[in-house]
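One structure is given below, encoded as structure tokens.
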Amino acid sequence: MSTTRQLRGGTRWALSLNAFLVYLFFYAPIALLVFYSFSDDPLVGRWGGFTLGWYRDFGENQEVQNALSVSVKVAIISTLVSVVLGTMAALALERYRFRGNRFFDALLYLPVIVPDVTMAVMMLLFFTEGLSLVNTVFGTNLAKGLATVSLSHIAFSISFVSIVVRARLNGMNEKLEEAAQDLYASRWQAFRHVTLPQIMPGVVGGGLLALTLSLDDVVITQFVSGPGATTLPVYVFGLIRRGVSPLINAVSVVMLAASILLVVLSLVAQRARGESAA
Amino acid sequence: MTAVVDKPTEQARSATPEFEAANERQKRRRGFLLALPAYAYLVLFFFIPLGIVVAYSFATRTRNGSTSLSGWNLEAYRKLGEPIVSDILVRSLLLAVITTVICLIVAYPFSYFLATRSPAVRNLMLVFVMIPFWSNFLVRNYAWRVLLGNDGPASQLTQAVGMGETNILFTQTAVVLGLVYGFLPFMILPMYAAIERMDWSLIEASRDLGASGFQTFRNVALPLSMPGVIAGSILVFIPSLGAYVTPEILGGGKTTLLGSYIVVQFLTARNWPVGASVSTVLMLVMLLAALAYFRAGGRTL
């Protein structure tokens, strides 16, 4: 029996207005940012005729391009590693019980809970102390850079990937894996042909989430990136602190477009999840 | 969970307790090996760093700004009680509470409205909440910087309607605005989930029995949706308290909050023990909040 979810009179009107204002609040700043990124006026937030000049600057600015390539490299490395490790962790926790699994479970949640400033501090101290220790012991000359940034991004991405994959595993029928093994599939075959296709939307969703988080991160990256490993958000954050400029508008719009594309892709992945579950 | 029998030929032996035990042991080992890479990674690159921060919070700052780990003490924690630090603590708490309350007031009616829409409309509306939720955080803060800037769109608008210039950039108001903008989806999503799954026949019954809209909200809907209210509040409060990017961009460094204070201790003031002690306290607060969140039945991120 279904119950009606009706709003009465004035309430309905007030709630509609509130919803309209919430969406206006969400989208007006973004829309204005996009609008002014096409404005031919050196002052941001003033309309001076249409131009694509700021986007041309974006393409020609060597520092921006370097930062962009660092961001993309870090995002790809950290996503690949965290997807593999996170999926394995999710399988272990959902399908097996082992020594220390409760501690592991808690440890896996911590990077989600700890604020990014604290995590940034943790990674800074760890890499400062760790690298100086390694350098004295082995006589090497290692410094912070692309590797430390990637290692830090993996450290927080594993948790997010494993949470998404676990949610998927949770609603999955275990009997199918058992049936595959009963029918002489090896453990690997059962995983490859039965389990993996079923959890794929979760794995893809988790991967897109890891990609988004890596491309978005400013605080942690700022602490662990050496001089040569400035990512795009860290570079932009530095620019913003010195003041606004139309170039930042253009860079921002590109970053925004990339992240919106990723959200849409992950929503599509989730839709696939919903359909195959039904 | 039922024990999986690997091969039919082994089926005969599976009845014996020895086989069951061996099978169980093997399963445990397999689970452990599967978890091992991520486990080892998180111990090395998360748990040990965490331990180092806690250890540093008991260390001493030497005259030249380096940190000495010999002779552990509580000096850095004592510093938290000094007016400079405790002012920042109180201000951060206050702004985080104000942000949470504003999000509550805006998100509740919004989520309620969402839950009363048809499923198709509802999903579409949710997608448009998700998009800002996952969009680049830095860029979204920067958008407000442009919007509120000198002679920017907000100022042009208020001048056009005769309210004078908008001068809220680099104030606490701008910081709260930015935090609400950043974290409102964190409130809407769990709240909507709670309102959506409450028993709506109770709302109907309440109205049919003559309760006013407000009475129904106060005595029926609100208690039923309380888990969502609590979960959402915690999800907004936690990141607001530790916020760093928003106050830096919209507060302009004039309003120092906890996040900025920690960063300054590490990057410019070179007082690592104090930075570490503030981080440790912040982390403890987050852990307690997270425990409360899970107790409230929260599961969604």
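Observations on the model:
- Remark: spin-label model distance B:V264-A:R8 equals 5.5 nm, labels positioned 7 Å along the Cα→Cβ axis.
- FRET efficiency, B:S201 to A:M200 (Cβ-Cβ, R0 45 Å, nearest 0.05): 0.70
- Shielding by partners, peptide A:98-111 (average Cβ within 10 angstrom, other chains): 4
- Of B:K27, B:K254, A:K175, A:K73, the residue with the largest accessible area leads and the full order is B:K254, A:K175, A:K73, B:K27 (1.4 Å probe).
- Per-residue HN-Hα couplings for the range A:51-66 [Karplus 6.51, -1.76, 1.60; θ = phi - 60°; Hz; x = Gly/Pro]: 8, 10, x, 5, 6, 5, 4, 4, x, 9, 6, 5, 4, 5, 5, 4
- With a 1.4 Å probe rolled over the protein heavy atoms of all chains, the accessible area of A:F191, B:F214 falls in the order B:F214, A:F191, largest first.
- Helices in chain B that qualify as membrane-span-like (whole DSSP H runs, Cα extent of at least 30 Å along the helix axis, mean Kyte-Doolittle hydropathy of 1.0 or higher) are B:83-115, B:172-196, B:272-295.
- Relative contact order (%) - criterion: Cα under 8 Å, at least six apart; region: the range B:149-260: 34 percent
- Within straight-line reach of B:K79, meaning a Cα separation under 13 Å, sit the following aspartates and glutamates at least 8 residues removed in sequence or on another chain: B:D87.
- Mean separation of Cα contacts under 8 Å, 6 or more apart, over the residue count of the range A:42-277: relative contact order %: 35 percent
- Here the Gaussian network model covers chain A, with springs between Cα atoms less than 10 Å apart; of A:A250, A:A31, A:A89, A:A31 fluctuates the most.
- Unit charges at the beta carbon, dipole of the protein assembly as shown: most positive-side option, B:A289, B:L89, A:I158: B:A289
- Within the assembled protein chains, the solvent-accessible surface assigned to B:D87 is about 90 Å², based on a 1.4 Å probe.
- Within chain B, helix-based [θ] at 222 nm, where runs of 4 or more DSSP H residues each add -39,500 (n - 2.57), nearest 500: -22000 deg cm²/dmol
- GNM flexibility winner over chain A from A:S37, A:S159, A:S186 (Cα, springs under 10 Å): A:S186
- The three principal axes of the Cα atoms in the range A:172-273 give end-to-end lengths of 65, 30, 15 Å, sorted in falling order.
- This model, with +1 at the C-beta of Lys and Arg and -1 at the C-beta of Asp and Glu, gives the range A:26-143 a dipole about its Cα centre of some 640 debye.
- In this structure the amide hydrogen of B:T67, modeled in the peptide plane, comes within under 5 Å of the amide hydrogens of B:T62, none closer than 5 places in sequence on its chain.
- Sequentially through the range A:223-238, phi angles give Karplus couplings (6.51, -1.76, 1.60; θ = phi - 60°) of 7, 10, 8, x, x, x, 10, 6, 8, 4, x, 5, 4, 5, 4, x Hz, Gly and Pro residues having no value and appearing as x.
- The listed residues B:R61, B:R218, once ranked by accessible area (1.4 Å probe) with the largest placed first, stand as B:R218, B:R61.
- Note on A:E174: accessible area is roughly 60 Å² with a 1.4 Å probe, heavy atoms of protein only.
- With the charge dipole of the range A:134-278 set up from +1 on Lys and Arg Cβ and -1 on Asp and Glu Cβ about the Cα centre, the Cα lying farthest toward the positive end among the listed residues A:G139, A:N249, A:L196 is that of A:N249.
- Most mobile listed residue (A:L213, A:L142, A:L85) in chain A, GNM with C-alpha springs under 10 Å: A:L142
The values are calculated or read from the model by the stated rules, or taken from the named source; none is laboratory data. Here the structure is a predicted model, which means the values were calculated and not measured. Heads up, the Cβs are rebuilt from the backbone with ideal geometry, glycines too, and the neighbour counts pull from every protein chain shown. The area values use the complete protein model at the heavy-atom level, side chains included, leaving out ligands, DNA and RNA. Shrake-Rupley method; radii C 1.70, N 1.55, O 1.52, S 1.80 Å.
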